[in-house]
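Participant: Could you have a look at this structure, given as structure tokens, before my questions?
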Amino acid sequence: MNWNLIRSYLMVAEHGSTLAAAKHLEVTQSTISRHLSELERQLSVQLFDRRKTGLVLTDKGRELLSFAEQMDSVADNLQVQASHYSSSVSGTVRVSGSEVLAVDVLPHCLSNLLDDNPDLQVELVASNEASNLLTREADIALRMFPPQQQDLISRHLVDLPLSFYAHERYLKKYGVPNSAEAFSNHRFIGFDINTLFIDGAKKMGMKLKREDFQIRTDSISVQNQCAVAGLGLVVMQKKLATKIPGMKKIDLGFELPPLPLYIVAQQELRASRKLRVVYDGLAEALLEFYTGNDA
């Protein structure tokens, strides 16, 4: 049986339409439809009900899905095991990190890794939600917290200093706050739905609510760019702030707790040379980025 038929079946079951499955597999929608029809013909089973809202698994299609998923898992394991025997580092490694890491940090950490391994391909996942390594949403993840699952390997790389910053354009207009009381009278850039900063402020004895942020967005990269545009005060990684001309640290008489940075991988890191090379290369590059001297 053609494996491509099974893959199309799995993707349509996961995404609910031939169009979404086609985008995921990077083929045409007609190819997916043809695969489904051929698979149903070979199995003599109707796998999906065709509805206006999309494709829905039939009872028999749902029962057979677990077997297809097992086949998919075996195929993945076969590919992983084969990569262990390869003498060269090639293939794809999927790396996930928060949006700000993916935008402002990781692009500066890949050059040597790719130069040394020209057959290596890296997929970057920019997400503020932690990727599930155990279900292969990523091979390697960068996180601001230690992993909770015991089946993962992690290394604490560095603690990232945080401070309040504002651009000199804003400070020229509104002055420099030099106390917590003065700070409360300034325009602050913060989260919209995410309560990370509010919860952290509460632990430090500061009472903040969502409405205290005049500019709100859950994208840290957008927060930073708003501050660069002179729109207000923001919490920013010290390393990133010092790279931006005109950004000034605001001293309010207390320090913010730093963010720990971890690099995390699946257990197969112990056996896969490809993952080990990327894991070690990224760790070295990240340490250089955050602790090395700027040119």
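Participant: Among the residues of the stretch 125-165, count how many are at pLDDT below 80, touching a Phe, Trp or Tyr at 6+ places or on another chain (Cβ under 9 Å) and over 16 Å from TYR279 (Cβ atoms).
Facilitator: Total satisfying the criteria: 1.
Participant: Here's another thing I want to ask about it. Report yes if GLY200 is at pLDDT 75 or above and either open to solvent by less than 60 Å² (accessible area, probe 1.4 Å) or part of a loop (DSSP other than H, G, I, E, B) (or both), otherwise no.
Facilitator: Considered against the rule, which asks whether it is at pLDDT 75 or above and either open to solvent by less than 60 Å² (accessible area, probe 1.4 Å) or part of a loop (DSSP other than H, G, I, E, B) (or both), GLY200 comes out as no.
Participant: Now for a different question. Looking only at the stretch 269-295, how many residues end up being without any contact (Cβ under 8 Å) to a residue 40 or more places away in the chain and surrounded by 18 or more Cβ atoms within 10 Å (Cβ to Cβ)?
Facilitator: 0
Participant: Can I ask one more? What residue, among those in the stretch 230-263 that are closer than 15 Å to GLU168 by Cβ and β-branched (Val, Ile, Thr), is most open to solvent (accessible area, probe 1.4 Å)?
Facilitator: Out of the qualifying residues, it is THR242.
Participant: Follow-up. Output the residues belonging to the stretch 114-129 that are open to solvent by 60 Å² or more (accessible area, probe 1.4 Å) and within 30 Å of ILE193 (Cα to Cα).
Facilitator: Correct list: GLU123, LEU124, ALA126, ASN128, GLU129.
Participant: Given VAL278, VAL228, VAL264, VAL234, which one is touching a helix residue (DSSP H, G or I) at 6+ places or on another chain (Cβ under 6 Å) and aliphatic (A, V, I, L, M)?
Facilitator: None of the others qualify; the one that does is VAL234.
Participant: Are there helices (runs of 4 or more DSSP H) fully within the stretch 1-109 with at least 3 residues that are open to solvent by less than 80 Å² (accessible area, probe 1.4 Å), polar (S, T, N, Q) and at pLDDT 85 or above? List them.
Facilitator: 29-43
Participant: Evaluate the following for GLN266: is it of a type in the set (S, T, N, Q) and crowded, with 20+ Cβ neighbours inside 10 Å?
Facilitator: Against the criterion (of a type in the set (S, T, N, Q) and crowded, with 20+ Cβ neighbours inside 10 Å), GLN266 qualifies.
Participant: Give the stretch 178-194 a look and list any residue that's of a type outside the set (A, V, I, L, M), more than 24 Å from the chain's Cα centre (by Cα) and farther than 16 Å from ALA241 by Cβ, or say none.
Facilitator: ASN178, SER179, GLU181, PHE183, SER184, ASN185, HIS186, ARG187
Participant: Which of the following residues is under 23 Å from ASN194 (Cα atoms), in contact (Cβ under 8 Å) with a residue 40 or more places away in the chain and of a type in the set (Lys, Arg): LYS248, LYS238?
Facilitator: Result of the check over LYS248, LYS238: LYS238.
The values are calculated or read from the model by the stated rules, or taken from the named source; none is laboratory data. A quick note: this is a predicted structure, and the numbers were derived from the prediction, not measured. Note that we place each Cβ from the backbone using ideal geometry, even for glycine, and neighbour counts take in every protein chain shown. What goes into the accessible areas is simple: the full protein's heavy atoms, side chains included, and nothing from ligands, DNA or RNA. Shrake-Rupley method; radii C 1.70, N 1.55, O 1.52, S 1.80 Å.
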